[in-house]
1. Take the residues in the range 327-357 that are within 24 Å of the chain's Cα centre (by Cα) and among the basic types (K, R), then tell me which one is surrounded by the most Cβ atoms within 10 Å (Cβ to Cβ).
2. Report the residue count in the range 62-103 for those that are surrounded by fewer than 16 Cβ atoms within 10 Å (Cβ to Cβ), part of a helix (DSSP H, G or I) and out of contact with any helix residue (DSSP H, G or I) (no Cβ under 7 Å at 6 or more places or on another chain).
3. How do the helices (runs of 4 or more DSSP H) wholly within the range 217-288 filter down when requiring 1 or more residues that are in contact with a Lys or Arg (Cβ under 7 Å, 6 or more places away or on another chain) and β-branched (V, I, T): which remain?
4. Look through H307, H293, H301, H335 and report the one residue that is under 21 Å from A141 (Cβ atoms), modelled with pLDDT of 95 or more, assigned by TED's automatic domain parsing to the domain that holds L359 and not polar (S, T, N, Q).
5. Can you spot a residue in the range 112-131 that is in contact (Cβ under 8 Å) with a residue 40 or more places away in the chain, closer than 24 Å to D71 by Cβ and charged (D, E, K, R)?
6. Within the range 239-255, can one find any residue that is under 13 Å from F278 (Cβ atoms), within 22 Å of the chain's Cα centre (by Cα) and surrounded by 24 or more Cβ atoms within 10 Å (Cβ to Cβ)?
7. May I ask you to list the residues in the range 269-326 that are of a type in the set (V, I, T) and either farther than 18 Å from T340 by Cβ or surrounded by fewer than 23 Cβ atoms within 10 Å (Cβ to Cβ) (or both)?
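The values are calculated or read from the model by the stated rules, or taken from the named source; none is laboratory data. Because the structure is predicted, anything quoted here is derived from the model rather than measured. All Cβ positions, glycine included, derive from the backbone under ideal geometry; neighbour counts span all protein chains shown.
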Amino acid sequence: MITDNRDGTLSVHRLVQSLARTPDPRDPHRQQDDITSALHQATWCLRAALSLTPEVPAQWPVLRALLPHVDTLASHSPPDSDTHTTATLLNQVGHFLSNQGQAQRAAIYLGRALADLVRVLGDNHPDTLTARNNLAGTFAAAGDLARAIPLFEQALADQVRVLGKDHPHTLTSCNNLAYAIAAAGDPARAIPLFEQALADQVRVLGDDHPDTLTTRNNLAYTCRVTRDPGRAILLFEQALADRVRVLGEDHPDTLSSRNNLASAYESAGDLARAIPLFEQALADRVRVLGKDHPHTLTSCHNLAFAHEAAGDLGRAIPLYAKALADQVRVLGSDHLHTLTTRNALAFAYVQVGDLGRALPLFGLTGQKRTLGEEHH
């Protein structure tokens, strides 16, 4: 019923787990106070074990191994019993899941963490403000901008009031709000916010701070959306060079910058520079993030789109087909990126006259055909 795995871990049969979690006043080993104490101890142990950096790929195996334990803990403890430690744990896990592209799952944990922190610490505690910003970011990553933007606006107003306009968290919230507004199709409102956030971050944090580099990347994205490719390319080139120098070649943000610069070159019609960068971005993401990471799937799609733009459908179609199969398996058939790739593959088949393969693929019409830049 309890097995020593001889690797530093134990396996406990599910029936034993269930029995141990169920209080019985007749059993001196299953008193309610003891079970509550064990719950708090398990929460603390998981919180300590998860004190890692979710952006560092080398730490992902440990984080992934601990996720089932967090799922079990959360499902067997009522939210009104959550402590500050529980909220911190759920916020950490939600942040990791969001970085892994599992936005819907992340939002569940981040929403519970925010509710816990409001109840335990109050609306104005710095941890509550951070949790609200994190939940907004996850909604934005899932494409739910109707919920993301009001949360970002509230987070920014609260952080200006509580922390001050020059606090690093306030500056990050300004960048995040600007990105969500740009993604919602209002770049005219977003660009001044980005420019203000970037100027403040350079002044307060310095040119090489990772937050400054992120805002420069996001301003470049918005310039591309507003059809200012010259400024976008210069900003993306600067962001990539700075991230290589500051974060290293294999940091996930550096990989995103390489993809983003390639997308900017492609939009400007410079496929001779775009395709090699897309190829490098895809190879690096397979190696660093893994073949099933959502960003890797995006790189596969974007490389296919670049080959299509260059008129090389012989290379584009197999890449689209691979990206689509992987997206259906990893993200699901209804995910926006899956729909976008399905539509792109259908158009590619039409161009080579293969209507037999094209027609079954057409789903939602009017989907954009390139996934473009990322918010990193």
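1. Keep residues of the range 327-357 that are within 24 Å of the chain's Cα centre (by Cα), which gives 327-344.
Filter once more, so that each one left must be among the basic types (K, R): 329, 342.
Details: R329: 12, R342: 22.
Residue satisfying both the conditions and the ranking: R342.
2. Residues in the range 62-103 being surrounded by fewer than 16 Cβ atoms within 10 Å (Cβ to Cβ), part of a helix (DSSP H, G or I) and out of contact with any helix residue (DSSP H, G or I) (no Cβ under 7 Å at 6 or more places or on another chain): 9 in total.
3. Answer list for the range 217-288: 252-267.
4. Values: H307 fails: under 21 Å from A141 (Cβ atoms); H293 fails: modelled with pLDDT of 95 or more; H335 fails: modelled with pLDDT of 95 or more.
Checking each option against the conditions leaves just H301.
5. Step one: list which residues in the range 112-131 are in contact (Cβ under 8 Å) with a residue 40 or more places away in the chain, which gives 126-127, 129, 131.
Cutting the leftovers down to closer than 24 Å to D71 by Cβ gives us 127, 131.
Narrowing further to those that are charged (D, E, K, R): 127.
Yes, that holds for at least one residue.
6. Let us first name the residues in the range 239-255 that are under 13 Å from F278 (Cβ atoms), namely 255.
Checking the rest, the ones that are also within 22 Å of the chain's Cα centre (by Cα) come to 255.
Filter once more, so that each one left must be surrounded by 24 or more Cβ atoms within 10 Å (Cβ to Cβ): 255.
Yes, the conditions are met somewhere in the range 239-255.
7. Listed by number, the residues that qualify are I275, V286, V288, I317.
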